[in-house]
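Colleague: Take a look at the following structure, please.
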Amino acid sequence: MKLVMPKEKAVQSIKRGSLPCVVMTFPAEMSSTNIKGVVSKTFSPTEEIWQVIAPPEIELRSIALLLGMLILDQQENIIQTNLMPSRACAATLLGGGEIRQGRGKIFAPWVLFEIQRLAEVLLLQHLSYISDIKDALGGGMNTFGSLPADFIIRDQAHQCRLGPPPPSIEVDVSHSERVRGNLRWDQIILEDYLRNRYMTDLRDEQLDRRIGDIAANIHEINTDGLISLDKENPLNFYWLARFQEARAEKSLRLGTDISGWPPGYINRDLLPGSLNNGQLTRREILKPPASLTRPFLVKYSDRKFIENALQYGRIKISPASSYKDSSLNTAIKDEELVREINFDPGQFDIYHSDQESFPSSSTRKLIHKKINTDYYVYCTASKLSTRLLYDFEKEAALVIHNPNIFLQRLDNAMKLKFRNWRPVVEYVQYYDPLQVTPREIDVLLWKHFRYAYQKEVRVAWWPPQPIPKLGPVLVELGPLSDIAEILLPTPIENSTTEVS
């Protein structure tokens, strides 16, 4: 198996309604579930793909309700994309007629009313289109056809159908919070959270840690060496929305807004080094080299190790179990053989077809998903950042300009020592521990979202048989000066920084 740099999964920022729409049907067996149907949206560079996922025997009215969700979302963005982990935006029609968003969130009353109204219009004025969707779900090709060979979604079973654009229907958003109450985005987030208080079961210390984890993902160290908003982060709205929700929960518990919160609710010892006076007093930044183009990899380390890597290709590969070491700092320390989630049994899992019920209430449970073997891992980043230099408390960066050649040399060196081990290289997927189910977790390639700012690209080697404990290994790749360079931080003069 040849190691190559994976393709980066960019966050989609396509404005709804800016691309032409097509409708795709996906027949699915749902008789053992409490689901009538699911709708989802996928974006290609040239079109917006509306997916209707339902059993062939679904009623016409249910199809109209599903299509109504998609039509309303085109105007008001009611179906939000799940980014931790990355999942397509989706909504579900349940067996009792309830309509839910994503993993079970309750829609605002005006949304439910408007979906019902749109469904009535579809049945009265566009019944033939609704009937064509049902025909396509049953395998028919009345106005829908097979997916093109070069279509962005693969259909190996040849069951999906692709049809014409949906009907154009006027949507009424006059009763939405945004229009009726002239609410700002943060006020809309608050209204939504009051309908879906998913953090009520968290202990106070768990909520405070979550607030710290969210806050640590929003900032960067700018060219003046100051803490600032990371303006280039496409996930800024995601993090600010999560902060608004956590802020609302904290304020509801204390009976006061953030201005009245007691000091010390965030444990500063658990924050990364870039929010720490001890690191910020370094007064130095990393400046990107002029030759830097994507894709590239960055390894942050002490200068002597970076120089050894560049001159001789000497690289230390650590066992995953070693990252549990209590002497490591907050940005590095993690239990790589275990992933923890705070599981809500009432959370709806639309990404697996065998969920049987949708409980109306639940109590969260801490669940640890473990793997039964140690493995070797080499952690790099896909971003060059002064902040990461501070967080990892390192002196220099090895900037790898040709990742594919580097990965191949690294894997060849490892094969000399571990012949039958399986190599893996992938962008790490980050997850919100409150928004996933146990069976989704991939222990090897998923990490808690408190580490999301690190943009890790992970190289790992999996043993052919379980091994409880491994030790570090040193490999030698030969000089790397043809594909990499050392980057040292540049001092900043006449400036001071304090953390408030």
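The values are calculated or read from the model by the stated rules, or taken from the named source; none is laboratory data. It should be emphasised that the depicted structure is a prediction, and the values quoted were computed from it without experimental measurement. Positions of Cβ are backbone-derived with ideal geometry, glycine not excepted, and every protein chain shown enters the neighbour counts.
Colleague: Out of the residues in the range 137-173 that are over 17 Å from M24 (Cα atoms) and touching a residue at least 40 places away in the same chain (Cβ under 8 Å), which is surrounded by the fewest Cβ atoms within 10 Å (Cβ to Cβ)?
Modeller: Result: D172.
Colleague: Being in a loop (DSSP other than H, G, I, E, B) and out of contact with any strand residue (DSSP E or B) (no Cβ under 9 Å at 6 or more places or on another chain) is true for just one of R117, R154. Which residue is that?
Modeller: Going through R117, R154 in turn, just one is in a loop (DSSP other than H, G, I, E, B) and out of contact with any strand residue (DSSP E or B) (no Cβ under 9 Å at 6 or more places or on another chain): R154.
Colleague: Which one of these does L194 not meet: (1) surrounded by fewer than 13 Cβ atoms within 10 Å (Cβ to Cβ); (2) in a loop (DSSP other than H, G, I, E, B)?
Modeller: The one condition L194 does not meet is (2).
Colleague: Within the range 120-141, is even one residue β-branched (V, I, T) and in contact with a strand residue (DSSP E or B) (Cβ under 7 Å, 6 or more places away or on another chain)?
Modeller: So far as the range 120-141 goes, yes, one or more of its residues are β-branched (V, I, T) and in contact with a strand residue (DSSP E or B) (Cβ under 7 Å, 6 or more places away or on another chain).
Colleague: When the residues of the range 151-172 are narrowed to those that are at pLDDT 95 or above and among the aliphatic types (A, V, I, L, M), which ends up farthest from I49 (Cα to Cα)?
Modeller: Result: V171.
Colleague: For K304, indicate whether it is more than 24 Å from the chain's Cα centre (by Cα) and surrounded by fewer than 20 Cβ atoms within 10 Å (Cβ to Cβ).
Modeller: Taking the combined requirement at face value, the residue satisfies it.
Colleague: I've got another one for you. Tell me which residues, restricted to the range 410-430, are buried (at least 19 other Cβ atoms within 10 Å of the Cβ) and among the charged types (D, E, K, R).
Modeller: If the condition is that a residue be buried (at least 19 other Cβ atoms within 10 Å of the Cβ) and among the charged types (D, E, K, R), then D411 is the only one that fits.
Colleague: Residues in the range 302-317: is at least one under 23 Å from K417 (Cβ atoms), hydroxyl-bearing (S, T, Y) and in a helix (DSSP H, G or I)?
Modeller: So far as the range 302-317 goes, yes, one or more of its residues are under 23 Å from K417 (Cβ atoms), hydroxyl-bearing (S, T, Y) and in a helix (DSSP H, G or I).
Colleague: Inspect all residues belonging to the range 240-254 and state whether any of them is part of a loop (DSSP other than H, G, I, E, B), within 18 Å of E205 (Cα to Cα) and of a type outside the set (D, E).
Modeller: So far as the range 240-254 goes, no, none of its residues is part of a loop (DSSP other than H, G, I, E, B), within 18 Å of E205 (Cα to Cα) and of a type outside the set (D, E).
Colleague: Hey, among L445, L410, which residue is under 24 Å from D325 (Cβ atoms), in contact with a Leu (Cβ under 9 Å, 6 or more places away or on another chain), modelled with pLDDT of 95 or more and not β-branched (V, I, T)?
Modeller: Checking each option against the conditions leaves just L410.
Colleague: Kindly check whether there is at least one residue in the range 441-461 that is surrounded by 15 or more Cβ atoms within 10 Å (Cβ to Cβ), part of a loop (DSSP other than H, G, I, E, B), over 16 Å from the mean Cα position of the chain (by Cα) and not basic (K, R).
Modeller: Taking every residue of the range 441-461 in turn, none turns out to be surrounded by 15 or more Cβ atoms within 10 Å (Cβ to Cβ), part of a loop (DSSP other than H, G, I, E, B), over 16 Å from the mean Cα position of the chain (by Cα) and not basic (K, R).
Colleague: Looking at the range 178-185, can you tell me whether even one residue there is over 19 Å from Q75 (Cα atoms) and in contact (Cβ under 8 Å) with a residue 24 or more places away in the chain?
Modeller: Within the range 178-185, not a single residue is over 19 Å from Q75 (Cα atoms) and in contact (Cβ under 8 Å) with a residue 24 or more places away in the chain.
One line per residue, one yes/no per condition, for (1) outside the structural domain of D344 (by TED's automatic domain parsing); (2) modelled with pLDDT of 95 or more; (3) buried (at least 16 other Cβ atoms within 10 Å of the Cβ):
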residue: S31; (1), (2), (3): yes, no, no
residue: V38; (1), (2), (3): yes, yes, yes
residue: V52; (1), (2), (3): yes, yes, yes
residue: Q75; (1), (2), (3): yes, no, yes
residue: A108; (1), (2), (3): yes, yes, yes
residue: D135; (1), (2), (3): yes, yes, yes
